[in-house]
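Only one structure is covered here, and it is reproduced in the block below.
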Amino acid sequence: MGAHIFKFKQFEVDQSGCAMKINTDGVLLGALATANNPQSIVDVGTGTGVIALMLAQRFAVAHIGGVDIDQDSAEAADRNFKASPFLYRVYSSFNTFEGYFKNYYWKKHDLIVSNPPFHLDSLASPDEQKRLAKHTDGSFFKQLLRCADEYLTDTGTCQLILPLPTAALVKDLLPKYQLQLQREIFIKSFADSAPHREILTFGKEQKGIVEEEFVIYDAPKVYSLEYQIALGDFLTIF
């Protein structure tokens, strides 16, 4: 087996040529995203396709489009989808997400997910963070929220895993659209750590906001029970 192959219990992912490798953020979103018997799912910035494949495993009737603006990633996702047990329900699109939604303008989706490659907290300069928030990240998320507003079903949700500064940006943007924050999962490395990621769930339905915590490790290199349960159907180490 090649060094670039990541083996899951029900499928394999070849990461060759992908800028966005499999990471904890992606597998957590794939495992923790919630939906009620979704029929149509869109994975924005699909990368290797791992989130789409995890959702295909979890939701047996869902048809899932993995969209990526990077051609190498879209082609890698396509190969991974075709090699999977879910090949008739997952498909890759080399496109902007705006272009993808416009191509299927008549279609509404039950779930939109994304592990976007925008990490404001990785920038050393606070001024650079502000600049990027106002420009690159700001425009990306404004467009994503606009598409969620237009192309989600009435009961559908958009779920994103984000660093906390980026999550704050998205929450600030929500009131500009017909979208309501429904759930926040704060991801922590250890029980006594500060959260470093957040999974946001929002949709058109007005609900009370549910706040939860998710802890990855009990001790260094010792995964928590909740992590083992969440990833138990996927990772071969469990």
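The values are calculated or read from the model by the stated rules, or taken from the named source; none is laboratory data. It should be emphasised that the depicted structure is a prediction, and the values quoted were computed from it without experimental measurement. As a convention, Cβ positions derive from the backbone with ideal geometry for all residues, glycine included, and neighbour counts pool all protein chains shown.
For the stretch 197-232, give me the residue count where each residue is touching a residue at least 40 places away in the same chain (Cβ under 8 Å) and in a loop (DSSP other than H, G, I, E, B).
Of the residues in that region, 3 qualify.
Can you pull out every residue in the stretch 65-95 that is modelled with pLDDT of 95 or more and polar (S, T, N, Q)?
The answer is ASN80, SER84, SER92, SER93, ASN95.
Taking interchain pairs and intrachain pairs at least six residues apart, which have beta carbon atoms under 7 angstrom, with the first residue in the stretch 1-30 and touching a residue at least 12 places away in the same chain (Cβ under 8 Å) and the second among the hydroxyl-bearing types (Ser, Thr, Tyr) and outside any loop (DSSP other than H, G, I, E, B)?
CYS18/SER73; ALA19/SER73; MET20/SER73
In the list LEU225, LEU160, LEU152, LEU179, which residue meets the criterion of being at pLDDT 95 or above, of a type in the set (A, V, I, L, M), surrounded by 18 or more Cβ atoms within 10 Å (Cβ to Cβ) and out of contact with any helix residue (DSSP H, G or I) (no Cβ under 9 Å at 6 or more places or on another chain)?
LEU152
Within the stretch 163-176, restricting attention to residues that are among the charged types (D, E, K, R) and under 23 Å from ASP25 (Cα atoms), which residue is surrounded by the most Cβ atoms within 10 Å (Cβ to Cβ)?
LYS171
For SER16, which of the numbered conditions (1) outside any strand (DSSP E or B); (2) more than 21 Å from THR201 (Cα to Cα); (3) among the hydroxyl-bearing types (Ser, Thr, Tyr); (4) under 17 Å from the mean Cα position of the chain (by Cα) fails to hold?
It is condition (4) that SER16 fails.
Answer with yes or no whether GLN182 is outside any strand (DSSP E or B) and of a type in the set (S, T, N, Q).
Here the answer is no, as GLN182 does not meet what is asked.
Evaluate the stretch 189-198: report whether one residue or more is among the aromatic types (Phe, Trp, Tyr) and under 26 Å from TYR151 (Cα atoms).
For the stretch 189-198, residues among the aromatic types (Phe, Trp, Tyr) and under 26 Å from TYR151 (Cα atoms): absent.
Exactly one condition in (1) closer than 16 Å to PHE8 by Cβ; (2) surrounded by 24 or more Cβ atoms within 10 Å (Cβ to Cβ); (3) not aromatic (Phe, Trp, Tyr) is false for VAL42; which is it?
(1)
For the stretch 32-48, how many residues are under 22 Å from ILE187 (Cβ atoms) and in a loop (DSSP other than H, G, I, E, B)?
Residues meeting the conditions: 7.
Determine if the stretch 4-24 includes at least one residue that is buried (at least 21 other Cβ atoms within 10 Å of the Cβ) and of a type in the set (Asp, Glu).
Checked against the condition, which is being buried (at least 21 other Cβ atoms within 10 Å of the Cβ) and of a type in the set (Asp, Glu), the stretch 4-24 yields no hits at all.
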